[in-house]
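Okay, so here's the structure we're looking at.
The values are calculated or read from the model by the stated rules, or taken from the named source; none is laboratory data. It should be emphasised that the depicted structure is a prediction, and the values quoted were computed from it without experimental measurement. Backbone-built Cβ (ideal geometry, glycine too); neighbour counts: all protein chains shown. Just the protein is used for accessible areas: all its heavy atoms, side chains included, with ligands, DNA and RNA removed. Shrake-Rupley method; radii C 1.70, N 1.55, O 1.52, S 1.80 Å.
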Amino acid sequence: MENNASLKDIAQLFLKLGIIGFGGPAAHIAMMQEEVVYKRKWLTEQRFLDLIGATNLIPGPNSTEMAIHIGHEKGGWKGLVVAGLCFILPAVLITGIFAYLYQQYGQLPEVQPLIYGIKPAIIAIILGAVFPLAKKSLKSTELIGIGVLVLWGALWNIHEIYLMFGAGFLALFLTYLRNKKYDHLNTFLPLALLQFSHTNLLSTTNTHLFWIFLKIGALLYGSGYVLFAFLDTELVAVGLLTRKELMDAIAVGQFTPGPVFSSVTFIGYQINGLTGAIVSTIAIFLPSFVFVALLNPIVKKMRNSKLFSAFLDAVNVASVALIVAVCFEMSKDTITDWRTILIAVVSIAIAFGYKKLNSAFVVLGGSLFGYLLSLI
């Protein structure tokens, strides 16, 4: 098996995946496996699985970090940068175009019926994504209990960061009581470094946008959909963004290819124009590059730690609970009449009945359905 690939080959592969990569992180990783394991034979199946495990041990968007890992494996530091940028940029550019068009035309009456139908469809997509995640993460009665506590805390507006780390450390404590011995805790040093200070002195300046999204990018575990729970607290709750704009940002993230984190480009543009979009995008993705580069050498040790495994299991459960909580809040604002109820029910039936269907079709279908119902 060839040890290295040219930067040109790495760039071409991840530009292609960035352009055709609809369907979310699981779909992206499946495409990467087909390309680098079976077609190009860049990695063995076992090595590919090891890298998937590594992405679950660090914060950030899994499919983006997987692209960065593969780039590092095949092209060193240069490959790391090239793979990550080529995977991210198509989504960012497409989302930027949507952000501009939305700001120009999104408030016009003739566009509203299309956006109207998208919102309940988005809730269906998120529920469809969280269901298998819940089945996988709720491995024990203890974890179910932690999930219920986090959901309760989220509905009472306790900050997501405290809930996620609280769940993790509660699991650590319970694991310690069970085993009556300490495991190696030095694997938690990277987590300690992630404790950015939280400030309420938010403004629309690019500096503040940078720190908001850098913090989120450095602390966000679990599914990319948890991003929207963080954004609801950091931006909507303080008046920088309306919940309508957040919902529309989620919609754009769904019907554009590439990582769902590109929704941040849309949000940054709505808050502070082109420079806000650029600064927000850099900030949300920067931690992923840093974590992959720094934590790769100690991944095996982290994975072998019983305590860290317990911590990660609890964080995944907390992620599910946060997604359910944000869906509940969104549904209160979105599902308000018989039309939106009908769109939501049909979208949920499709999302759960046709799991292989690209989520972009559910979004577009919801949009068309909403438009048709608005004519009644």
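Note on K306 and F169: the model spin-label points, each 7 Å out from Cα along the C-beta direction, lie 2.2 nm apart. Ellipsoid fit via the Cα gyration tensor, the range 211-294: semi-axes of 19, 14, 13 Å, each the root of five times an eigenvalue, largest first.
At 25 °C and 0.890 mPa s, what whole-number value in µm²/s does Stokes-Einstein give for the translational diffusion of the range 326-376, with Rh from the Kirkwood sum over Cα pairs? All intermediate terms of the calculation are to be shown ahead of the outcome.
Details: Rh = 11.6 Å.
This corresponds to a translational diffusion coefficient of 212 µm²/s.
Between V238 and F131, the modelled label-to-label distance comes to 3.7 nm, taking each label 7 Å out from Cα in the direction of the beta carbon.
Starting from the Cα gyration tensor of the range 36-124, multiply each eigenvalue by 5, take the square root, and state the resulting semi-axes largest first in whole Å.
Listed largest to smallest, the semi-axes of the range 36-124 are 37, 16, 11 Å.
Compute the whole-percent fraction of alpha carbon pairs in the range 30-86 spaced more than 16 Å apart. In whole percent, the share of Cα-Cα pairs in the range 30-86 beyond 16 Å is 37. Applying Stokes-Einstein at 37 °C and 0.692 mPa s to the Kirkwood radius of the range 264-376, computed over alpha-carbon pairs, gives a translational diffusion coefficient of 180 µm² s⁻¹. Rg ratio for the range 32-182: its Cα radius of gyration over 2.2 N^0.38 Å, N being its residue count, equals 1.41. For the Cα trace of the chain, dividing Rg by the Kirkwood Rh returns an Rg/Rh value of 0.96.
Computed about the Cα centre, the dipole magnitude for the chain is approximately 920 debye when only Lys and Arg (+1) and Asp and Glu (-1) carry charge, each at its Cβ.
Take the Cα of K332, step 7 Å toward its Cβ, do the same at A349, and the gap between the two points is 2.9 nm.
Accessible surface ranking for F361, F328, 1.4 angstrom probe, highest first: F361, F328. Please report the net charge: other residues with Cβ closer than 11 Å to the Cβ of V37, K and R +1, D and E -1. Local net charge: +1.
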